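Values in this text are rule-based calculations from the coordinates and carry no lab data. Here the structure is a predicted model, which means the values were calculated and not measured. Here the Cβ is made from the backbone with ideal geometry for all residues, glycine too, and neighbour counts use every protein chain on show.
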Amino acid sequence: MDVVFPDIPLYRGWGAPVRLEADARGLEVIHGSVPRDLNGAWYRCGPDRQYPPMTKEDVFIDGEGMVHMFRFDDGYVDYRCRWVRTERFLLQEKARRSLFGRYRNRYTNDPSVEGKNQGTANTSVVWHGKKLLVLKEDSLPMEVDPETLETRAHWDFDGGLDAVSFTAHPKIDFHTNEMLGFSYQARGDATRDFVFVIVGADGKVVHRMGFDMPYPGMVHDFAITDTHIIVPFFPLITDLATIKRGGPYYQWYHDKQSWYAVFPRRGRSSDIRWFHGPAISAGHMMNAHNEGSKLHLDLCLYNGNCFEFFPSYDGAPFKGSPPLLTRLTFDLEGRSETFESRLLQEAPCEMPKTDDRFQGKPYRFGFTICRPPNALAGSMGLGAIGRIDHSNGELRTWVPGSDSGVQEPNFVVKPGAPEGEGYLLTLVNRLAENRSELAILDAKRIEDGPLAVLKIPVRVRSTFHGMFVPDSALQTGRYTA
């Protein structure tokens, strides 16, 4: 059978599948120089298509996981990428074709893979407990070798996570070296089970609690503070009858409310304080923190459905809206079950990050991909890297140039330095030339442009999330705040 990808917009130009594993020792520096104090591994992960999909439709969040590593060593940068060899990948490799159908819908798969794991490991990478875990919220983490990127096995925290999946957005507390995470639809498709866990520095689960979600929805991200957990539930809901008919895994319910579970870090289900509000959504949280009895949650908020390819359950047309950095405030001493909302930044932005030492704490700086302030009115393109100063609302940006895009930035901590002093790493998409670059920015002065730009000899089609792991953490398994 010929391998022929369908001619759809997703696969044209920059979106064309790469399907390539690569090694490059010593990336070429084409501007500036690599800071000599930048030593460690930068891991990223994203989807690529191993074979053409079973149907002529596809969504950009599907596809087999490809993990990327940029190894920084005394001014040199090496590059490596490898497929994550999940059960799905291996089954398709043997069959030489796609065997899994519509996104997350097991009822559209080839009969030969009934009951097999359809996880893709294509969303994020985290280093914790001396394990490099590649994550996708549809399944358990996949462990890979931190140097070779060779796939090892699924990881369930030595049996400590009694669930079918784990979030792609765990939070690591640099002060306790704990990892906080969760599973939603934890007992399988369309179940309302939610499981929250805290994993100690040794990789063992030290706290677990479970409760029922308001509905079997998508929970892509959550937030932590020093004392509490905030879990948002937006009405992108899985309906079992719909997926059994071959329909979309999620549908938007514009007539349902959003819900927010707020509970102590080591609380019980009886400790949950529920808040609710209009049908809004968000993919990613920037941060959250305490202020007296109030908890502030900063997130990239959409006024409605954030995913056009997950339609309304009743056929209502999709109404797009830009993601705007917004603060939701929950008062734990107040009697209200609703929350306050305040716009923090008018420029649309996504993929938010902070100085990792300040996750869950009062903070000043956030970093995003964003629309530059001088963009044409109505433009939706998020083609700049932004630094937001919450003390005065100032947005500073770096734009890589025309016909170019950027991928999520990652902050590199300088131990002992004040908040926000460090480096930002980002991949640059040179769209017209169909090639990739690695840019290193001074996080305090991103508007000055890169300290260094390196040429990547292969196109890095898409990475969603990742993290920089300093040499010290690679060796000890612990981070330094």
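Brief remarks follow.
- Cysteines without a disulfide-compatible neighbour (Cβ-Cβ under 4.7 Å), the chain: Cys45, Cys81, Cys300, Cys306
- In order through region 309-314: 3J(HN,Hα) via Karplus (6.51 cos²θ - 1.76 cosθ + 1.60), integer Hz, x for Gly, Pro: 7, 10, x, 5, 5, 9
- Subset of Lys94/Lys136; Lys131/Lys444; Lys136/Lys361 violating a 28 Å alpha-carbon distance limit: Lys131/Lys444
- Taking only Cα atoms of the chain, radius of gyration then Dmax in Å: 21.2, 64
- Whole-Hz ³J(HN,Hα) from phi, Karplus 6.51 cos²θ - 1.76 cosθ + 1.60, for region 344-356, glycine and proline x: 9, 8, 7, 6, x, 8, 8, 6, x, 9, 9, 5, 4
- Between region 210-245 and region 355-420, the alpha-carbon center distance in angstrom: 27 Å
- Here the sum of -39500 (n - 2.57) over DSSP H runs of 4 or more residues, divided by the residues of the chain, equals -1000 deg cm²/dmol at 222 nm, to the nearest 500.
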